[in-house]
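Input: a single structure, listed below in structure tokens.
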Amino acid sequence: MFLNSTERVYFTGPATMNCNDSSSFCSLVVNITSAASSFIEACPVAGMFGIYSTSPYNSHQLDLLYLGWVWSLVYPVILTMLILPFMILLLLYVSALLLYIYRRRQNVYNALHETIEHRDPWAGGRYLISLVWDAHGYIWHGYEVKGLENLPEEGRCLIIYYHGAIPLDIYYLVARTILVKGRLIHCVGDRLLEKVPGWKVILEAFDITPGTISSCIQTLSEDHILSISPGGVREAQFSDHNYQLMWGKRAGFAKVAIGANAPIVPMFTENLREAFRTVSWPQKLWVTLYEKLRFPCAPLYGGFPVKLRAHLGKPIYHKPGESPEELAERVREALDNLIQQNQKLPGNILRALLARIYESPKED
């Protein structure tokens with residue numbers, strides 16, 4: 001049964017459709033066609049083919065409708081593939097943190113008891129904060145320390161370390177030393193830290209001070225452990241994944257060691273520059289701003305869960321008749337050797353991430 005072009009078919013009776021009836025199938029088809037033409041009009045490609053619509057919707061309304069339609073498609077994917085799995089992952093990490101602290105609950109009790117007995121207002125607080133930081137380093141970076149035995153159980157010592165974009169390694173080392181050796185590492189920090197709102201209590205609790213040569217000698221003379229980064233903010237801002245030491249001719253730390261008759265322990269942490277980095281471009285601009293303002297202007301990025309492993313070298317002692325400049329040079333060479341021996345250069349973020357799982361043997 002084929003019909004030619006001049007033949008027509010008419011339907012009568014119950015099959016007749018009225019498009020004016022909003023509940024009819026014909027009305028539904030008309031509405032769908034109208035909406036489709038509206039979206040076609042909103043498409044930039046449609047205009048190329050001369051397709052236009054007389055839809056009452058304006059272009060802004062069409063954009064909102066289109067974005068809503070796209071969001072309705074994307075939202076379930078984001079929810080099921082990102083948000084919900086991330087919440088489970090976050091819960092697991094919080095659980096690990098709480099269990100890490102709970103496992104050391106007796107030590108926490110002893111630290112709080114020591115606070116009451118010795119009237120040290122910060123002993124218990126330092127221990128609790130150290131637990132949190134040590135747990136963070138262990139979970140997020142697999143942090144470990146090689147050569148912790150080079151720090152004395154008692155008596156004075158000066159730690160000289162490479163300064164990363166953010167000195168995470170010294171935070172973790174301070175925490176680990178408090179937990180393992182029961183000793184506080186006093187730190188020399190930039191004066192800028194004193195101007196950060198809310199940080200005063202941290203500086204006071206952990207004895208972080210700008211430090212002069214005389215005050216540093218005094219700290220060591222009281223048989224404390226002191227840490228200094230000769231490169232300071234300049235090294236933090238402008239060193240890179242090649243781990244250059246940027247000390248210039250600084251030898252103040254050597255004068256401190258000689259004045260206090262304290263051994264120097266060099267320290268370097270693998271992949272420190274892969275955890276956080278500074279934006280190097282345009283470096284001339286950042287250097288100019290730093291020289292004029294004495295403020296770190298280069299932006300930071302990172303927070304990557306790379307493997308961090310601190311290396312503490314053998315103690316270096318002052319030789320009779322040795323000048324501060326000569327001692328500083330020996331320490332510089334020792335720290336540079338630690339970098340060359342333990343860091344694959346140039347640093348690589350992907351390689352540092354994979355080191356959490358597998359590390360290829362280092363070349364001799």
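The values are calculated or read from the model by the stated rules, or taken from the named source; none is laboratory data. It should be emphasised that the depicted structure is a prediction, and the values quoted were computed from it without experimental measurement. As a convention, Cβ positions derive from the backbone with ideal geometry for all residues, glycine included, and neighbour counts pool all protein chains shown. Surface areas here come from the heavy atoms of the whole protein model, side chains and all, with no ligands, DNA or RNA. Shrake-Rupley method; radii C 1.70, N 1.55, O 1.52, S 1.80 Å.
Points to keep in mind about this one:
- Residue list for the range 234-269, filter: in contact with a strand residue (DSSP E or B) (Cβ under 7 Å, 6 or more places away or on another chain) and within 28 Å of residue 155 (Cβ to Cβ): 253, 256, 257, 262, 263, 264, 265, 266, 267, 268, 269
- Looking only at the range 146-197, and only at residues there that are touching a Phe, Trp or Tyr at 6+ places or on another chain (Cβ under 9 Å) and charged (D, E, K, R), the one that is most open to solvent (accessible area, probe 1.4 Å): 176
- Summed over the range 300-319, the residues that are closer than 19 Å to residue 140 by Cα and either of a type in the set (Lys, Arg) or at pLDDT 95 or above (or both) give a count of 6.
- Residue among 258, 213 that alone is farther than 25 Å from residue 144 by Cβ, of a type outside the set (Phe, Trp, Tyr) and surrounded by fewer than 16 Cβ atoms within 10 Å (Cβ to Cβ): 213
- Selection of strands (runs of 3 or more DSSP E) fully inside the range 274-343 by the criterion of at least 3 residues being crowded, with 19+ Cβ neighbours inside 10 Å returns 309-312.
- Residues of the range 236-255 that turn out to be surrounded by 22 or more Cβ atoms within 10 Å (Cβ to Cβ) and out of contact with any helix residue (DSSP H, G or I) (no Cβ under 8 Å at 6 or more places or on another chain), as a count: 1
- Residue 145 in a strand (DSSP E or B), touching a strand residue (DSSP E or B) at 6+ places or on another chain (Cβ under 7 Å) and modelled with pLDDT of 90 or more: yes
- Applying the condition of being β-branched (Val, Ile, Thr) and open to solvent by 70 Å² or more (accessible area, probe 1.4 Å) to the range 110-142 and asking which residue is modelled with the highest pLDDT yields 129.
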